[in-house]
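What follows is one structure encoded as structure tokens, with my remarks underneath.
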There are 2 protein chains.
Amino acid sequence: MRESQLAEAVIRGEVRAAARLMRDIDDEISSAREELKALFPYTGRAHIVGITGSPGTGKSTLVDHIIQSYRQRKRTVGVVAVDPTSPFTGGAILGDRVRMQRHSTDEGVFIRSLATRGHLGGLSRSTHDIVDVLDAMGKDVVLVETVGVGQDEVEIVRLAHTNVVVLIPGMGDEIQAIKAGILEVGDIFVVNKADREGADKTVRELEIMLEMNNYGPDDWRPVVLKTEAIHHKGVEELVDQIERHREFLGKRLWEEKQRARVHGKFMETLRDLLYEEAIKRLRENGLWEKLMRSLGERSLDPYSAAEEAMAHVLRPD
Amino acid sequence: MRESQLAEAVIRGEVRAAARLMRDIDDEISSAREELKALFPYTGRAHIVGITGSPGTGKSTLVDHIIQSYRQRKRTVGVVAVDPTSPFTGGAILGDRVRMQRHSTDEGVFIRSLATRGHLGGLSRSTHDIVDVLDAMGKDVVLVETVGVGQDEVEIVRLAHTNVVVLIPGMGDEIQAIKAGILEVGDIFVVNKADREGADKTVRELEIMLEMNNYGPDDWRPVVLKTEAIHHKGVEELVDQIERHREFLGKRLWEEKQRARVHGKFMETLRDLLYEEAIKRLRENGLWEKLMRSLGERSLDPYSAAEEAMAHVLRPD
């Protein structure tokens, strides 16, 4: 296939082309980078909304109902569901299928689950790239669903325009444990499963914590909402608030977030490319094997080995 | 201070020198690398034990009692408590203080909490380095306590010699959600808070899942134990099993894990050094600023920018 032909099909909104490119991104196929270059001028338009919550908070059901609400508002929706990779979960694929079925006949919805294994930061990188594909496809809103623990997820939500944090009643202890940081990223807090005992108490606890922050007159003041996602209760109010936050961002804050995304992507890509190219060259000329042997025998420490390798691939200063 | 003087004090087991070096590692002070080089020949002796469990499983109390058991067995203990960084937790420091008090008069115990912020992979890197410091100090056992979600934590436990996974009764759903991966890393499974209803059921569910694995005759067969950490019940049996796993590893598997640790450290260090040096050079000659401006105006895509930057710092191929 001609270079960027895939990208052109994605821009036309072709679902199969988008799915193919996402697979290439996941598999870290290098041609994906050329396609992403071609997509770049078509990105930067989607409203990226992070939906963060622990397992068991009903986050996926909530996402499902948010999709429904946006569709009724005639907006197209992309979803990236990020399950922490690996040893610890295997749930991504099943969840995908269940939700795919519900929206499978709706061309205005595209859902993709991610459970990337692989090196550090891989999850964050893939997520950003897949958000860009959905954005370039023309999706109005891109929901990024994460469990919100771990540095990768933190990176992910940091780059969303709007962040929704999902809790359930009786998570008082958990709120205490996470309070220092959760306040920094949440724009909207949702107490889901609000028919359970203790919902109002959890709402109050959240509000008290939020009141302790010092907001300036121009700052967004986080809101706390109750939902029963399974009965669609409170979901319209939630989507209203997400929309209100988007309006609050305006042109200036929106563009600031876009710039941060692009700079972050540049730095991530540079880091990856340098490392990949260095490994390739070291392997080609045999230094890699020599270093690995010395390290295995513990006759060389890993820091000195890295310095030697670096001197070999960089231009003399 | 003369280079590696700090390292020499660490090797002599001086607590203040170790604390100082750990701070330098956390703050990513570049002289820390020189100290780690000097420590390298003194590492590779400690038994590294991962203790992984969700918040609320009583993991920290369990760690506390494991320490007590090892101390009665005349073994010295280091602990690295990894709280996922960031926006989402702020619990590290408090937990540290509480536990510090209990063992503060015991010179055979050194506890360090980590809640590193910063770029991707930072948590994993710092943890490895701090494990090395505790190892070089002469600690017999190093416990690494993590919540076990996120790629960083996965990296961390992958490099432990022995992995203990902590659950509580009634986590049936959670077991289902995590089953695909958790079996791969757990050497010992602990159902803590075993006085609660459903403990035996959770034990059986775990055993059934483990039985579905195909173990070869030479493979370690994971064990499932019940504990009530708060009453020290089952803790001695747990430490017995950790010791049994260490014996099982023998010389061959132990050395394999050590080699994987050293190779991993080399690759992480190379990746960091290349990136840091590249940024430094790009800033010095003004290309960085030019690229940032073009990216901000969206007149250049981040992938092409990264390629241009790379061509600038690498030797011509």
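Residues to consider are A:314, A:295, A:282; find the one that is more than 36 Å from the chain's Cα centre (by Cα) and closer than 17 Å to residue B:272 by Cβ.
The unique qualifying residue is A:295.
Of the residues that sit in the range A:119-157 and are touching an Asp or Glu at 6+ places or on another chain (Cβ under 7 Å) and not in a helix (DSSP H, G or I), which one is modelled with the lowest pLDDT?
A:120
Looking at B:290, B:233, which one is basic (Lys, Arg) and within 14 Å of chain A (Cβ to nearest Cβ)?
Result: B:290 is the single residue among B:290, B:233 that is basic (Lys, Arg) and within 14 Å of chain A (Cβ to nearest Cβ).
Out of all the residues in the range B:268-287, which are surrounded by fewer than 16 Cβ atoms within 10 Å (Cβ to Cβ) and at the interface with chain A (Cβ under 10 Å from one of its Cβ atoms)?
B:276, B:280, B:284, listed by residue number.
Is there a residue in the range A:246-260 that is under 24 Å from the mean Cα position of the chain (by Cα), buried (at least 20 other Cβ atoms within 10 Å of the Cβ) and closer than 30 Å to residue A:54 by Cα?
No, because not a single residue in the range A:246-260 is under 24 Å from the mean Cα position of the chain (by Cα), buried (at least 20 other Cβ atoms within 10 Å of the Cβ) and closer than 30 Å to residue A:54 by Cα.
Do the conditions hold for residue A:227, that is, is it assigned by TED's automatic domain parsing to the domain that holds residue A:135, modelled with pLDDT of 90 or more and polar (S, T, N, Q)?
Considered against the rule, which asks whether it is assigned by TED's automatic domain parsing to the domain that holds residue A:135, modelled with pLDDT of 90 or more and polar (S, T, N, Q), residue A:227 comes out as yes.
From B:226, B:265, B:251, grab the single residue that is more than 10 Å from chain A (Cβ to nearest Cβ), closer than 22 Å to residue B:142 by Cα and of a type outside the set (Gly, Ala, Ser).
B:251
Please go through (1) surrounded by 21 or more Cβ atoms within 10 Å (Cβ to Cβ); (2) at pLDDT below 90; (3) not polar (S, T, N, Q) for residue B:1 and return the number of the only condition it doesn't satisfy.
Every listed condition holds for residue B:1 apart from (1).
Tally time: how many residues in the range B:258-270 are under 20 Å from residue A:276 (Cα atoms), free of Cβ contacts under 8 Å to residues at least 24 places away in the same chain and not hydrophobic (A, V, I, L, M, F, W, C)?
Counting residues in the range B:258-270 that are under 20 Å from residue A:276 (Cα atoms), free of Cβ contacts under 8 Å to residues at least 24 places away in the same chain and not hydrophobic (A, V, I, L, M, F, W, C) gives 1.
Could you give me the residue pairs with C-beta distances under 8 Å whose first residue belongs to the range A:169-195 and is on the phi > 0 side of the Ramachandran plot, whose second residue is modelled with pLDDT of 80 or more and in a loop (DSSP other than H, G, I, E, B) wherever it lies, and which are 6+ apart or on separate chains?
Sorted first by the residue in the range A:169-195, then by its partner, the pairs are A:170/A:196; A:170/A:197; A:170/A:198; A:193/A:57; A:193/A:58; A:193/A:168; A:193/A:169.
Go through (1) more than 19 Å from residue A:164 (Cβ to Cβ); (2) of a type outside the set (Lys, Arg); (3) modelled with pLDDT of 95 or more and name the single condition residue A:46 misses.
Result: residue A:46 fails condition (1) only.
Is it the case, given these coordinates, that residue A:32 is touching a residue at least 60 places away in the same chain (Cβ under 8 Å), within 14 Å of chain B (Cβ to nearest Cβ), more than 17 Å from residue A:127 (Cα to Cα) and in a helix (DSSP H, G or I)?
no
Of the conditions (1) part of a helix (DSSP H, G or I); (2) modelled with pLDDT under 95; (3) among the aliphatic types (A, V, I, L, M); (4) surrounded by fewer than 21 Cβ atoms within 10 Å (Cβ to Cβ), residue A:38 clears all except one; give me its number.
(2)
The values are calculated or read from the model by the stated rules, or taken from the named source; none is laboratory data. In this text, all values refer to a predicted model and were calculated from it rather than measured experimentally. Using ideal geometry, Cβ is built from the backbone for each residue, glycine included, and neighbour counts are taken over all protein chains shown.
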